[in-house]
Amino acid sequence: MIKQIKYFQAVVRYQSFTRAADECFISQSAISQQIQALENDLGVRLINRERRKFYLTPAGEFFYQKSLVLISDFDRLCTETRRIAKGVEHELVIGYLRHYGGQELNAALTNFTVKFPEVFIQLVTGTHEELYDKLRTGRADVVINDLRRKPSEQYINYFLAKSYFYAELPLNNPLSQLEKITMDDLKNTPTIIIAPLEQRNIEELFCREYFGVKGDFLFAENLSVAHLMAAANKGYFLVDSAKKPEVSNLIANVPIFHNDKQLYRKYYAFWRANTTKKYIEQFAEILKAQFTDA
């Protein structure tokens, strides 16, 4: 009956027997027969058919809504059962930077879990140094990080993308009207960065040396707080993105330039060269594809 329920959900989702059949890799006549068999087993009509159109009965609408929860729970049950049976080699701990706000990781995780549903994903976050410590001590299998130190042969350095820097400012700040901006323009505006208390000195020093920040710093606990601080005109949030941020009617993201070139950093996926953990390379390839598509 589980397959029949999934066929029924596909028909409702696509509002088409033909598209649902293509999605489920069966014929249109076969999917119609399976749904009729489901209705016979339940003893109720789920779908009323009128020529080439159909609509859900009240019972069908109820069954559809409740079946979404049922199938979600069933799929999770199967995944967890396979994970327990196969052991830790089918777990993957992925680390990413606290300030990262792009959608590439979201898309990569979705695509990866569709392709490898048997892998149990855990996510951890941190600053540059915290992520390297997690990787070094085995608390992360692969981390998405920038390259601040000399590459080591102990790690695989898998290039993902260049990510360009912007000053996130509210539109009521006059600086938001500039087409591009420099650190000289921003020297009297506090720089908002994300860092825990124990990492603030390290992150501040990096920003001064790498970006040439000349003004004061404000520190946010997480990405949401950083955006709120920028919206409140407390300072500018130093944000980077692999693609130009979407236009907003409240917030501007002004490109930050130095010597007529926009500032950027390079993102890599790092993992231990001697690891025996499976699926890391497959995840890295899927993630890189998301940056490439961006």
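The values are calculated or read from the model by the stated rules, or taken from the named source; none is laboratory data. For clarity, every value in this text was computed on a predicted model and none was experimentally measured. Don't worry about glycine lacking a Cβ; one is built from the backbone with ideal geometry, like all the others, and counts go over all protein chains shown. Keep in mind that these areas ignore ligands, DNA and RNA; they rest on the heavy atoms of the full protein, side chains included. Shrake-Rupley method; radii C 1.70, N 1.55, O 1.52, S 1.80 Å.
Here are a few things to note about the model shown:
- Long-range neighbours under 9 Å by Cβ, at least six apart or interchain, first residue of a type in the set (Val, Ile, Thr) within region 62-83, second not in a helix (DSSP H, G or I): Thr79/Pro117; Thr79/Glu118; Thr79/Val119; Thr79/Phe120
- Test: residue in region 40-62 that is hydrophobic (A, V, I, L, M, F, W, C) and within 30 Å of Lys115 (Cβ to Cβ): no
- Test: residue in region 95-106 that is touching a residue at least 12 places away in the same chain (Cβ under 8 Å) and of a type in the set (A, V, I, L, M, F, W, C): yes
- Within region 196-216, the set of residues being within 24 Å of the chain's Cα centre (by Cα) and part of a loop (DSSP other than H, G, I, E, B) comprises just one member, Pro196.
- Of the helices (runs of 4 or more DSSP H) lying entirely inside region 50-154, those carrying at least 2 residues that are farther than 30 Å from Gln15 by Cβ and open to solvent by less than 50 Å² (accessible area, probe 1.4 Å) are 104-115, 128-136.
- Taking first residues from region 216-242 that are touching a residue at least 40 places away in the same chain (Cβ under 8 Å) and of a type in the set (Phe, Trp, Tyr) and partners that are open to solvent by less than 30 Å² (accessible area, probe 1.4 Å) and in a loop (DSSP other than H, G, I, E, B), the Cβ contacts under 9 Å between residues at least 6 apart in sequence or on separate chains come to Tyr236/Asn173; Tyr236/Leu186; Tyr236/Thr189.
- Filter pass, Thr191 being farther than 27 Å from Thr275 by Cβ, surrounded by 14 or more Cβ atoms within 10 Å (Cβ to Cβ) and either modelled with pLDDT under 90 or touching a strand residue (DSSP E or B) at 6+ places or on another chain (Cβ under 9 Å) (or both): yes
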